[in-house]
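The values are calculated or read from the model by the stated rules, or taken from the named source; none is laboratory data. Fair warning: this is a prediction, and the values are worked out from it, not measured in the lab. Ideal geometry is used to build each Cβ from the backbone, glycine not excepted, and the neighbour counts take in all protein chains shown.
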Amino acid sequence: MELHPFLDGNVRPAPYWWYILPMTGETPSMRVGHSATFVPAVHANESDRVFVIGGANPSQIFNEVNVLDLKTKSWDTLEAPGFRGRYEHSAFCVDNLPGQLFVFGGATQSGSLNDVQKLDLATGAWTDVKVAGTSPSPRTHRSSVVIGAKVYFYSGGHSGQDPVGDRRVHCLDTVSMTWSTLAPQGESPKPRHGHIMVAIKNKIYLHGGMAGSTFYDDLYVLDLERCLWSCVKKKKTFPPARAAHEAILFGDEIIIFGGMNKAGALNDCYKLNTEKNTWTKLDYESPAPPNRLDFAMCLIKLKVPLHSCQTESDTPAELSKTSVQAKQILERELKPGSASSRDSLSDTSTADEPLYVLEADVTHGTQPSALVNDSDRGDSTTSYQETVEVSLVMINGGMDTEGEIFDDTLVLCLT
């Protein structure tokens with residue numbers, strides 16, 4: 001069993017460490033094909049939030065919206081009537097329509113969808129969006145890109161392992177609420193689903209995906225100014241073929257994680273330097289999450305102490321002792337049978353037990369230091385008021401290729 005440290009509020013996370021994000025409230029149940037969208041606060045009295053929408057497991061398709069408040073680290077289920085439950089959909093926000101979150105497409109038990117629905121983040125009400133023009137055919141399509149007021153889609157899933165045969169680029173103009181298509185020059189990517197798309201300025205990057213039993217490892221760039229597709233030549237290092245992975249934009253780099261190919265589910269991470277079009281594999285400093293596909297992922301930002309809080313008891317002898325305690329407590333506290341029990345701490349402690357958290361010793365820095373009893377900190381803890389904003393990749397849920405579905409939430413520190 002691999003142990004991941006808690007991202008304690010008194011600790012600055014270390015780069016390329018995976019952490020458990022400690023949370024209260026009712027977390028989303030195990031699911032796949034859901035979306036996670038980071039919505040930054042607009043006003044000073046608001047919190048940054050993550051909206052987890054839809055998804056499915058063998059028992060049901062979800063029509064709920066789960067909201068994570070990143071300031072209080074608490075989950076809440078939004079009472080949001082009017083949403084048609086779905087999975088493998090796109091979710092996105094646009095700057096010209098603040099306070100609104102859109103979904104497109106996806107699938108239900110009766111087939112694929114091509115509708116657009118809108119969630120009012122203030123009222124929690126869903127409405128159907130009337131869009132003029134010719135809409136894309138029904139499809140699953142988890143990855144869309146937003147450039148200004150326009151949202152772009154390419155290919156997607158038709159039925160089972162087969163993609164739609166459509167090689168057009170579809171564009172949703174959110175000002176006029178009109179569908180249109182582009183006809184770029186150059187060789188367009190073959191039809192596929194389970195691919196990722198990320199936009200940087202006026203370029204759209206498309207990676208991977210699958211069609212039938214074929215998995216792709218190619219990388220395409222659509223230059224919107226030139227209206228031209230180009231395939232990026234592979235160099236020495238590049239990610240293995242995959243589908244059902246996720247990607248985020250971090251500065252001018254694209255970071256991908258997980259997915260699956262013929263060998264099974266994956267848990268590796270690569271970043272693409274878009275200036276040089278070169279890939280680099282990220283080497284984790286902590287244990288990796290379980291291999292997974294069809295999970296939800298987004299980039300979040302947290303304010304953390306500029307300096308880690310340290311205690312006088314953080315000596316090598318104490319760390320060795322508390323590492324043993326960590327294993328004993330985790331074995332006792334993990335919920336048997338839970339999909340997250342392999343990697344996450346249970347939130348069911350008793351009133352007679354002190355709350356322990358795993359801390360990462362980023363000052364001395366190479367491993368999670370110890371289990372620290374909050375009640376034992378006393379006067380030995382030095383408080384720091386100065387904070388710094390860090391960027392983290394957040395993943396939730398998904399499944400492996402053996403059919404185990406997860407309900408965990410982990411974060412990877414990037415800065």
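Quick grid of which residues meet (1) at pLDDT 95 or above; (2) under 16 Å from residue 36 (Cα atoms):
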{"residue": "103", "(1), (2)": "yes, yes"}
{"residue": "106", "(1), (2)": "yes, yes"}
{"residue": "114", "(1), (2)": "yes, no"}
{"residue": "124", "(1), (2)": "no, no"}
{"residue": "128", "(1), (2)": "yes, no"}
{"residue": "131", "(1), (2)": "yes, no"}
{"residue": "136", "(1), (2)": "yes, no"}
{"residue": "141", "(1), (2)": "yes, yes"}
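For residue 183, only one of the following conditions fails: (1) touching an Asp or Glu at 6+ places or on another chain (Cβ under 8 Å); (2) of a type in the set (A, V, I, L, M, F, W, C); (3) at pLDDT below 95. What is its number?
(1)
Does the stretch 153-177 hold any residues that are over 14 Å from residue 114 (Cα atoms), part of a strand (DSSP E or B) and not hydrophobic (A, V, I, L, M, F, W, C), and which are they?
Our first condition is that a residue be over 14 Å from residue 114 (Cα atoms); within the stretch 153-177, this holds for 160-163, 165, 167-169, 173-177.
Add one more test, that the residue is part of a strand (DSSP E or B), and what stays is 162-163, 169, 173.
Of everything in the stretch 153-177, those that are over 14 Å from residue 114 (Cα atoms), part of a strand (DSSP E or B) and not hydrophobic (A, V, I, L, M, F, W, C) turn out to be 162, 163, 173.
Filter the stretch 249-306 down to the residues that are under 19 Å from the mean Cα position of the chain (by Cα), assigned to a strand (DSSP E or B) and among the aromatic types (Phe, Trp, Tyr) and list them by number.
Those that are under 19 Å from the mean Cα position of the chain (by Cα), assigned to a strand (DSSP E or B) and among the aromatic types (Phe, Trp, Tyr): 250, 257, 270.
Farther than 27 Å from residue 211 by Cβ and touching a residue at least 24 places away in the same chain (Cβ under 8 Å): which single residue out of 138, 98 fits that description? Outline the logic, then answer.
Working: 138 fails: farther than 27 Å from residue 211 by Cβ.
None of the other options fit; the residue is 98.
Hey, which of the strands (runs of 3 or more DSSP E) in the stretch 1-68, taking only ones fully inside, have at least 1 residues that are in contact (Cβ under 8 Å) with a residue 40 or more places away in the chain, closer than 29 Å to residue 146 by Cα and of a type in the set (A, V, I, L, M)? If you could, list the steps in order and put the result at the bottom.
On the way: elements: 18-20, 35-39, 49-53.
Here the list reads 35-39, 49-53.
Against the definition (of a type in the set (Asp, Glu), at pLDDT 95 or above, farther than 29 Å from residue 161 by Cβ and surrounded by fewer than 20 Cβ atoms within 10 Å (Cβ to Cβ)), how does residue 268 come out, yes or no? Outline the logic, then answer.
Details: of a type in the set (Asp, Glu): yes; at pLDDT 95 or above: yes; farther than 29 Å from residue 161 by Cβ: no; surrounded by fewer than 20 Cβ atoms within 10 Å (Cβ to Cβ): yes.
Judged against the criteria, residue 268 is not a match.
Residues to consider are 263, 288; find the one that is at pLDDT 95 or above and closer than 21 Å to residue 194 by Cα. Please lay out each step first, then the result.
Details: 288 fails: closer than 21 Å to residue 194 by Cα.
Within the list 263, 288, the selection yields 263.
In this structure, does residue 188 turn out to be surrounded by 14 or more Cβ atoms within 10 Å (Cβ to Cβ), in contact (Cβ under 8 Å) with a residue 12 or more places away in the chain and assigned to a loop (DSSP other than H, G, I, E, B)? Don't jump to the end; show me each part of the working.
On the way: surrounded by 14 or more Cβ atoms within 10 Å (Cβ to Cβ): yes; in contact (Cβ under 8 Å) with a residue 12 or more places away in the chain: yes; assigned to a loop (DSSP other than H, G, I, E, B): yes.
Criteria met by residue 188.
Criterion first (buried (at least 21 other Cβ atoms within 10 Å of the Cβ) and under 16 Å from residue 150 (Cα atoms)) does residue 92 satisfy it?
Numbers: buried (at least 21 other Cβ atoms within 10 Å of the Cβ): no; under 16 Å from residue 150 (Cα atoms): yes.
No, not satisfied.
Quick one: which residue in 39, 52, 94 is among the aliphatic types (A, V, I, L, M), modelled with pLDDT of 95 or more and over 30 Å from residue 285 (Cβ atoms)?
Details: 39 fails: over 30 Å from residue 285 (Cβ atoms); 52 fails: over 30 Å from residue 285 (Cβ atoms).
Every option except 94 fails the conditions.
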